[in-house]
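Read-outs: derived from the displayed coordinates by stated rules, not from any lab. For clarity, every value in this text was computed on a predicted model and none was experimentally measured. A quick note on method: Cβ atoms are made from the backbone with ideal geometry, for glycine too, and the neighbour counts reach across all protein chains shown.
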Amino acid sequence: MEQQLNNPASNLAVRVLSVVGGLLAALCLIGFLILSDIARSEVALLVVGVCAIGASVVGNRIIHQLFLDTSIITFYVAGCVALLAGMTVAHWNTYLICVVFMLIAVATFFLSRGVFFPTLAVLLFNAAFTGLVMNGADAIESSQFVVLLMGIVFFLLNTFEARIVAGYSVMRRLFRALHAGFFLSFSVGVVWMSGIGYVFNNSVSILSVVTWVGMVLMLRRIMKTMDVQSIRTKVWVYVVCAALLVPTVFAPYLSGALLLLLLCFGYGYNVETVASLLLVMYVIVKYYYDLQLTLLTKSGILVLTGIVLLLTYYYFTKKKNDHEEI
């Protein structure tokens, strides 16, 4: 029994089942609030929301049991839903609602422990910030700004990880959650950009330009880490990179996914690398179906893209293994 508890796969299964059970309980609580008279009173909703959020944060700090710890997260979400419903019923200003949730997220991030709860706080903050920016603004332009900002923050987190962890003691336990939160936020932003269309008034997107710069910087770092000295090899890498970037002129979500993959691969985040690879596969398929070309032309582009990606993967994997052996 003890060996099963120490097994990471077993712990992950228990944690997933705990989250599902807690989610069902939270849904029951939300259903009770909707069916009861509490949902008709903004004061009651605000009180229930504040109490649920406060109790969840306190419970996260004092409870160390796996089932209860993961279930508390879902009740935190239920508290946020109740609080949002209360503010909406009370006709609070949208900007004020977003600011309140941003403050709640900041407090939750620094007061909570573990990884999941602070990560949830980062997601809540980013969601509230997105609502603050997009309220009453153009959907395409505002979402482009938000995704751009998320990408820049995620890039800086990876670049200055050592300095951040060494310079701020609190970040020694919270940096992993901060990194995961912005990784998920940027990934969701990329998916959102792919859903609202890839053509930005037939003009080059600023998000594409910024991600190009980030990809070039990451390629330089990866080649330096792998001790690539040959000028010819460097030129070929940049040529392949340029060939991959040309189709992303009007598709910032494609270059954003590629940058995410390079960041996670370059800084050794294996789980995020796999997730980024899946995201790249999704956006390539999305871009493929969005192209206004014949089926034969689309097939040729897809085959060439696959060959380029396989050759790039083979090259970097070989160089990485050779570097590790040295």
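Extending 7 Å from Cα along the Cβ direction at Glu42 and again at Val89 yields two label points whose distance is 1.0 nm. As a calculated quantity, the FRET efficiency between Val99 and Phe175 at R0 = 22 Å, using C-beta atoms, amounts to about 0.30. By definition, a body whose alpha carbon gyration tensor gives a ≥ b ≥ c is oblate when a/c is 1.5 or more and a/b is not larger than b/c, and the range 121-270 fits this oblate description.
Available extension along the chain between Val235 and Ala162 is 23.3 nm, counting 0.36 nm per residue and deducting the alpha carbon span. Packing, taken as the mean count of other beta carbons within 10 Å per residue, orders the peptides 72-82, 107-117 from highest to lowest as 72-82, 107-117.
Once the Cα-Cα distance is subtracted from the 0.36 nm per residue extended length, the Ala55 to Asp227 segment shows a gain of 56.7 nm. Taking 0.36 nm per residue of sequence separation and removing the Cα-Cα distance, the Val285/Ala107 pair yields an extension gain of 60.1 nm.
Equivalent-ellipsoid semi-axes (√(5λ), Cα gyration tensor) for the range 205-276, whole Å, largest first? Spell out each step's value before the answer.
Values: eigenvalues 79, 58, 15 Å².
For the range 205-276, the semi-axes come out at 20, 17, 9 Å.
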